[in-house]
Amino acid sequence: MATLTAKERLAIPRQEMPTQEPDVRNANFEEVALGLTWEMAKLEAERCLQCAKPHCIEGCPVGVLIPQFIKALREGDLLGAVQFMKERNNLPAICGRVCPQESQCEAYCVLNKKGQSVAIGRLERFVGDFELRERTSPPVPAPPTGKRVAIVGSGPAGLTCAVDLARLGHKVTIFESLHRPGGVLLYGIPEFRLPKSIIQAELQVAVDYLGIEIRTDHVIGSTYTVDELLAEYDAVFLGTGAGLPSFMRIRGINLNGVMSANEFLTRVNLMKGYRFPEYDTPVKVGHRVAVIGAGNVAMDAARSSLRLQQMHRAHNGSGPAEVHIVYRRSRDEVPARAEEFHHAVEEGVICDFLTNPIEILGDEKGNVREMRCIHMQLGEPDASGRRSPIPIDGSEFEMSVDTVIMALGTSPNPIVFTDAQGLQRTKHGTTVADGDTGRTTMRRVWAGGDVVTGAATVISAMGAGKRAAADIHRFLSDPSVWP
Amino acid sequence: MYRIVEKQVLSDVTKLIVVEAPHVTRRAKAGQFVIVICDEQGERVPLTIADHDQAAGTITLIFQEVGKSTMQLGMMEPGEGLFSVAGPLGHPTEIENYGTVVCVAGGVGIAPMYPIARDLQAAGNRVISIIGARNKELLFWEDRMRAVSDELIVCTDDGSYGRKALVTVPLKELLEARGHDIARIWAIGPTIMMKFVSQTTQPFGVPTIVSLNTIMVDGTGMCGGCRVLMNDGARFVCVDGPEFDGHQVDWANLLSRIQFYREEEQLAVAQWQQETAGQGRQAETAGVGGGV
């Protein structure tokens, strides 16, 4: 394509991602968004104005060289695009799928003023998928330094930290408590949003090209303590995430049919419960599901519930099938990624906004029968800047449900801190760590991701893993930087 | 892969396996458990560690074949390997010198009770053990339990061996005869047995520790499927337990929760039996050199 004028670029419509049709995809676990074609990606790349002072990079927690990779793309230089991408981001195929771009890079795009920012996330995914298929520039590790680093947790923070350190020539061992690596990418995010094959492919690169060793079935704090790791390794990075589920403090939470989104999603994603009995772990949803909360995890749980209901119906004929999102605030405060909420509604999830459960009621066998709720209204903004919900007196009502999934956020798992007295924690259970370096209060121990921030995003965890890797490398090169 | 190095058939439905898992052995203590997975399609099954050998790097697991996964595990032979073994998980038993203690174990619960009784005796306690099973065939490790107990009472439900009684009967007699001497009681076995043991000891006010076995996925506090209601709120069996004060447990809730996947469990068993029966037939056909 000849060089375009700015006006011509502005005339190109934002390229929509092809997806499976809503009434098809809500009955399967295949990926929803199918990815841009080469033609679409080139056209989308033409929309970028190549600003003299680009702001998009500021919006990226790992500082991806956005204008550079987009320029390479529109020049047809896919290899160049990959190289620009990999300079800052090791996992573009993952980030392109799960980052909340609308509040990060794309929010800073100059075209966003008209609501038509360049689809940076979709282009990132395009580049990431190309590289996963073609392997044009596999990472090459620097000569061995002889230093050994233990990474605890194989989620986005741990994996990013591990890859960066291994590229610098350090010998990296990842300890994972579950039987498969990937952390929340694996147990939390469903196949229809992030296929397991993508995670597997990225992990394979880490093992094959960078010599990273992954030890599954190792629950640090129990199998080995942090102190024991310090005795064997030069540095330890904690990327253990926020794995503990929260339950509402209301009556009836122990009835059969009430579960955490963590349990539900782990059964579906990690254990492949949607393929029971081919896989041994069962997962059960009823005819009327209420998911409490409206974050990404709530959307994942709601959309997985829909799919299980449809698959069940295909087997056992009809019957009522409803999935509700029950959220105490309004549409405007929904914390989920825009695309996830949009997809959930398209697929048939019903939203009950300004609604809060106050009690779950069971039948004589101890199974959930209904949920007593109260309507809410919005008051003044709270500490988080969101308007706080206030119950409306006398507005209580019962909603008929047989499954209640609590998606109310998670907090760090304390097991890793067993016998690690030097590691200071906040009252929320998160680890105290320096935001720039990831250093904890225990020498030679770094931390990053949800274990420090509480439940946040994949990309912010990756950013923390990256910053910690840089500081660990400084320390390994010269231990006097952390006396 | 974690290799099975030894297998014993303790009864038709009770098997013992010794598994190489040196990462678990290092810090394993009485009362803790592991999560095992048979193969890549398998589910995560919590099993209490019945014994471990530091030098050999092995753990001993005893299980009753009650579902598809334990049936599959029961068919595995030495030389074969488990896909996953994670642990040690949960809090260890609080071993102290309490004075006189009673260890009540029912059925397959005898396995996890053995290291607890052994360590309690080693700590200076006078250990009275009561072990029971439905019948003689299901009873095992009587000799081992005798070796670590100052007194041992054996009973079966049907009277085919030892005393014909439920374990709660000799327990109640003990409490009536010398209840003031007994400092603490442990009970491990089927949920219903632990419930009745707790009810038996409650009027005597003797602290009673039960080791709960609930539905569980990860075993590290992530899923909360194992939550059990206590008088003062919910607890996770995997990270807060597995041992709890039996007088605080909401037994009705627990008994209902462990039934939640009953239909699915039955379906999985039926399918497994069909598959393994099918394999048997194929082997026979191949054996006669024909093929269909």
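The values are calculated or read from the model by the stated rules, or taken from the named source; none is laboratory data. Note that the coordinates shown come from a computational prediction; the quantities given were computed from them, not determined experimentally. Counting neighbours? That spans all protein chains shown, and the Cβs are built from the backbone with ideal geometry, glycine included. Just so you know, the surface numbers come from the protein's heavy atoms only, side chains and all, with ligands and any DNA or RNA stripped out. Shrake-Rupley method; radii C 1.70, N 1.55, O 1.52, S 1.80 Å.
Nearest-5 percent of antiparallel DSSP beta bridges in region A:280-415? Please report the intermediate quantities before stating the final value.
On the way: 15 of 27 bridges.
In region A:280-415, approximately 55 percent of DSSP beta bridges are antiparallel ones.
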(request) At 1.4 Å probe size, with every protein chain present, just tell me what the per residue accessible area of chain B comes to in Å². (result) 41 Å²
(message) Need the per-residue list for region A:397-435: every residue with at least 20 Å² less accessible surface in the complex of protein chains than in the chain by itself, probe 1.4 Å, sorted by number.
(response) A:Asn413, A:Ile415
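If you average the sequence gap of Cα pairs under 8 Å that are 6 or more apart and divide by the length of chain B, what percent do you get for the contact order? If you can, show how the numbers build up before the last one.
Details: 603 pairs, mean separation 45.0, N = 292.
Contact order relative to length: 15 percent.
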(request) Run the numbers on region A:171-190: which residues show a drop of 40 Å² or more in accessible area, chain on its own versus all protein chains together, using a 1.4 Å probe over heavy atoms? (result) A:Leu178, A:His179, A:Arg180
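Nearest-5 percent of antiparallel DSSP beta bridges in chain A?
Numbers: 20 of 53 bridges.
Counting only bridges with both partners in chain A, antiparallel ones make up about 40 percent.
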(request) Go through region B:107-122 residue by residue and turn each phi into a ³J(HN,Hα) via Karplus (6.51, -1.76, 1.60, θ = phi - 60°); whole Hz please, and just put x for glycine and proline. (result) x, 5, x, 4, 4, x, 6, 3, x, 5, 4, 4, 6, 5, 5, 4
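Rolling a 1.4 angstrom probe over the protein heavy atoms, how many square angstrom per residue are accessible across region A:161-279?
Details: 3370 Å² over 119 residues.
For region A:161-279, the solvent-accessible area averages 28 Å² per residue.
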(message) Could you give each residue of region A:457-474 its phi-based ³J(HN,Hα) in whole Hz, using Karplus coefficients 6.51, -1.76, 1.60 with θ = phi - 60°, and x for Gly or Pro?
(response) 9, 4, 5, 5, 5, 5, x, 5, x, 5, 5, 5, 4, 4, 6, 4, 4, 4
(message) Under 5 Å between amide hydrogens, which residues at least 5 positions from B:Ile130 or on another chain qualify, with H placed 1.01 Å from N in the peptide plane?
(response) B:Cys103, B:Val104, B:Ala105, B:Ile153
(request) Kindly provide log₁₀ I(q)/I(0) values, in the same order as q = 0.08, 0.09 Å⁻¹, from the Debye equation applied to equal alpha-carbon scatterers of the protein assembly as shown. (result) -0.73, -0.92
(request) Calculate the spin-label point distance for A:Ile57 paired with B:Asp250, positioning each point 7 Å from the Cα along the beta-carbon direction, and give it in nanometres. (result) 5.7 nm
(request) Please give the residues from region A:250-299 for which the solvent-accessible area of heavy atoms, probe 1.4 Å, is smaller by at least 40 Å² with all protein chains in place than with the chain isolated. (result) A:Asn254, A:Asn256, A:Glu263, A:Arg267, A:Met271, A:Phe276, A:Pro277, A:Tyr279, A:Asp280, A:Pro282, A:Lys284
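If you take the accessible area of B alone plus A alone and subtract the pair, what total do you get in square angstrom, rounded to 100, with a 1.4 Å probe? Could the numbers behind the result be given before it?
Details: alone 13930 and 21250 Å², together 31380 Å².
Counting both chains, the buried surface is close to 3800 Å².
Given the Cα-Cα distance of A:Gln200 and A:Ala142 and 0.36 nm per residue of separation, how much length would full extension add, in nm?
Numbers: separation 58, 0.36 × 58 = 20.88 nm, distance 2.37 nm.
That works out to 18.5 nm of additional length.
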(request) Determine, from the Cβ-Cβ distance of A:Arg215 and B:Val66 and an R0 of 35 Å, the FRET efficiency 1/(1 + (r/R0)^6), rounded to the nearest 0.05. (result) 0.65
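I need the calculated FRET efficiency for the pair A:Glu87 and A:Asn316, taking r as the beta carbon distance and R₀ as 60 Å, to the nearest 0.05. Spell out each step's value before the answer.
Values: r = 52 Å, r/R0 = 0.87.
The pair A:Glu87/A:Asn316 has a calculated efficiency of 0.70.
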(request) Post the alpha-carbon centroid distance, region A:137-164 to region A:72-117, in whole angstrom. (result) 24 Å
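Considering only protein heavy atoms and a 1.4 Å probe, what is the carbon-and-sulfur percentage of the accessible area of the protein assembly as shown? Each step should come with its number before you reach the end.
On the way: 15790 of 31380 Å².
That share works out to 50 percent.
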(request) Compute the relative contact order of region A:368-483 as a whole-number percentage, counting only Cα pairs closer than 8 Å that sit 6 or more residues apart in sequence. (result) 17 percent
(message) What whole-number distance in Å separates the alpha-carbon centres of region A:20-61 and region A:335-353?
(response) 19 Å
(request) Report the FRET efficiency, 1/(1 + (r/R0)^6), for A:Asp393 and A:Gln116, where r is their Cβ-Cβ distance and R0 is 45 Å, rounded to 0.05. (result) 0.50
(message) As a test, work out the antiparallel percent of DSSP beta bridges whose residues both lie in region B:16-138, rounded to the nearest 5.
(response) 70 percent
(request) Identify all lysines with a Cα-Cα distance to B:Lys7 below 17 Å; exclude those on the same chain that are fewer than 8 residues away in sequence. (result) B:Lys15
(message) Solvent-accessible area of B:Trp272, probe 1.4 Å, all protein chains present, reported in Å² to the nearest ten, please.
(response) 40 Å²
(request) Enumerate the amide H contacts of B:Arg3 below 5 Å, restricted to partners 5 or more residues apart or on another chain; note that Pro and chain-start residues carry no placed amide H. (result) B:Glu20, B:Leu82
(request) Compute the long axis of helix B:191-201 from its Cα atoms, compare it with the longest principal axis of the Cα atoms of chain B, and write down the angle in degrees, 0 to 90, nearest 10. (result) 10 degrees
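With a ≥ b ≥ c the root eigenvalues of the C-alpha gyration tensor of region A:336-418, is it rounded (a/c under 1.5), prolate (a/b larger than b/c) or oblate? Before the final figure, lay out the partial values.
Values: a/c = 1.31, a/b = 1.08, b/c = 1.21.
Rounded shape, in that the Cα axes give a/c under 1.5.
Any idea what the relative contact order of region B:17-126 is, in percent, if you count C-alpha pairs under 8 Å spaced at least 6 apart?
This gives 34 percent for region B:17-126.
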(request) Assign unit charges at the C-beta atoms only (+1 for Lys and Arg, -1 for Asp and Glu), then state the dipole size of chain A relative to its Cα centre in Debye, rounded to the nearest 20. (result) 680 debye
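Dipole of region A:289-370, Cα-centred, from +1 at each Lys and Arg C-beta and -1 at each Asp and Glu C-beta, to the nearest 20 debye?
On the way: 9 positive and 13 negative charges, 28 e Å.
Computed about the Cα centre, the dipole is about 140 debye.
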(message) Using each residue's phi in region A:288-296, evaluate 6.51 cos²θ - 1.76 cosθ + 1.60 at θ = phi - 60° and report the 3J(HN,Hα) Karplus result to the nearest Hz, with x for Gly and Pro.
(response) 10, 9, 10, 9, 9, x, 9, x, 4
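Using a ≥ b ≥ c from the Cα gyration tensor of region B:50-198 (square roots of the eigenvalues), is it rounded, prolate or oblate, where a/c under 1.5 gives rounded and otherwise the larger of a/b and b/c decides, a/b for prolate?
Details: a/c = 2.11, a/b = 1.38, b/c = 1.53.
It is oblate, given that a/c is not under 1.5 and a/b is not larger than b/c.
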(message) Quick check: pseudo-label points 7 Å beyond the Cα along Cα→Cβ at B:Gln271 and B:His91, how many nm apart are they?
(response) 3.8 nm
